[in-house]
1. Kindly indicate which of Val107, Val115, Val143 is touching a Leu at 6+ places or on another chain (Cβ under 8 Å) and of a type outside the set (Lys, Arg).
2. Checking Asp197 against (1) without any contact (Cβ under 8 Å) to a residue 60 or more places away in the chain; (2) within 24 Å of Asn150 (Cα to Cα); (3) acidic (Asp, Glu), which single condition isn't satisfied?
3. Can you report the number of residues in segment 218-270 which are among the acidic types (Asp, Glu) and touching a strand residue (DSSP E or B) at 6+ places or on another chain (Cβ under 9 Å)?
4. Only one of these is touching a helix residue (DSSP H, G or I) at 6+ places or on another chain (Cβ under 8 Å), modelled with pLDDT of 95 or more and more than 21 Å from Asn251 (Cα to Cα): Val157, Val172, Val192, Val185. Name it.
5. Exactly one condition in (1) touching a residue at least 60 places away in the same chain (Cβ under 8 Å); (2) not assigned by TED's automatic domain parsing to the domain that holds Gly188 is not met by Ala228; state its number.
6. Residues being loosely packed, with under 12 Cβ neighbours inside 10 Å and in a loop (DSSP other than H, G, I, E, B): count how many of those fall in segment 247-277.
7. For segment 65-88, check the following and say yes or no: at least one residue is assigned to a loop (DSSP other than H, G, I, E, B), in contact with a Leu (Cβ under 8 Å, 6 or more places away or on another chain), at pLDDT below 85 and surrounded by 16 or more Cβ atoms within 10 Å (Cβ to Cβ).
8. Could you run through segment 232-245 and say how many residues are surrounded by 12 or more Cβ atoms within 10 Å (Cβ to Cβ) and either touching a residue at least 24 places away in the same chain (Cβ under 8 Å) or among the hydroxyl-bearing types (Ser, Thr, Tyr) (or both)?
Amino acid sequence: MTTTDLLKDQLDDAGYQLAKVLEGMSEEALDKKLTPESMSPREQVAHLCEAYEAFRVNSAGGKYEWGSYKLDSADTAKLLKEFASQREGVVSQATNNPTDKIIKDAVSSGDIKIVGETYTDNWDPAKAQTETEQFLTSANNDVQAVLSENDGMAGGVVAALTAQGLAGKVPVSGQDGDKAALNRVALGTQTVDVWKDARELGKSAGESAVQLCKDKDIKKVTGTADFASPGGNTLSTILLKPQPITKDNLNVVIDAGWTTKDNVCKGVAAGSVAACG
């Protein structure tokens, strides 16, 4: 069981138990407290709704601010409806990780063994380094690859691998097209960087905004299609194709003006990477 699965089960089990308790409970009972310091069932439901919301925000890479969730807990029908919706959404999100889907069969067959998985708070590189060090220690350095969900964390992973003499030997992924990450790709310490050109994102967003000013029907915006979110919602979405960047096509980000050859090729041995000459 992964860390995400465990947290999902804990949240879902708590929600299931509370849902059963609430069945047929009167308004008076919903507001009753066992002690002055305890929470009433109504307050427990509202608190769990916020816990669900925090899980969804944080697991998507955000940082949830406690107390920011607004809920009309006085309306019992709305409260219970929101509780059911949040519970369903968090379970759906926790079990619909795109990476899990891609490697699921290989994990199930035993071809891939996950020796460590964690959520890195704020995608902090320093925390990613510490977590990777712990995984390396527990696995006696027998780690064959690392999937990192952004370039900052990938930097922390590479730092941990470097300390063990494993940088460049263990494949590491990242995404965002950070300058430091693209240099790591050239150096061979990061295997791939998934580049999403922010200029294309901005252009698409601007063009969509102009169209929406003329017609508020979002489904009429050019290029939109329905997309099922991890939370189980259907969204009108424009999906732009990301570009995997490896040693073999580093010229793509240089030619596009995303970064410079000097940045990409800093410290790279002459003749080792085509884009660097």
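The values are calculated or read from the model by the stated rules, or taken from the named source; none is laboratory data. On a predicted model such as this, the values are computed, not experimentally measured, just so you know. Every residue, glycine among them, receives a Cβ derived from its backbone with ideal geometry; neighbour counts consider all protein chains shown.
1. Criteria check complete, one pass: Val143.
2. All conditions pass for Asp197, except number (1).
3. The number of residues fulfilling the criteria is 1.
4. Val157
5. Tallying (1) touching a residue at least 60 places away in the same chain (Cβ under 8 Å); (2) not assigned by TED's automatic domain parsing to the domain that holds Gly188, Ala228 fails exactly one: (1).
6. 6
7. Yes; the residues of segment 65-88 include at least one that is assigned to a loop (DSSP other than H, G, I, E, B), in contact with a Leu (Cβ under 8 Å, 6 or more places away or on another chain), at pLDDT below 85 and surrounded by 16 or more Cβ atoms within 10 Å (Cβ to Cβ).
8. Total satisfying the criteria: 9.
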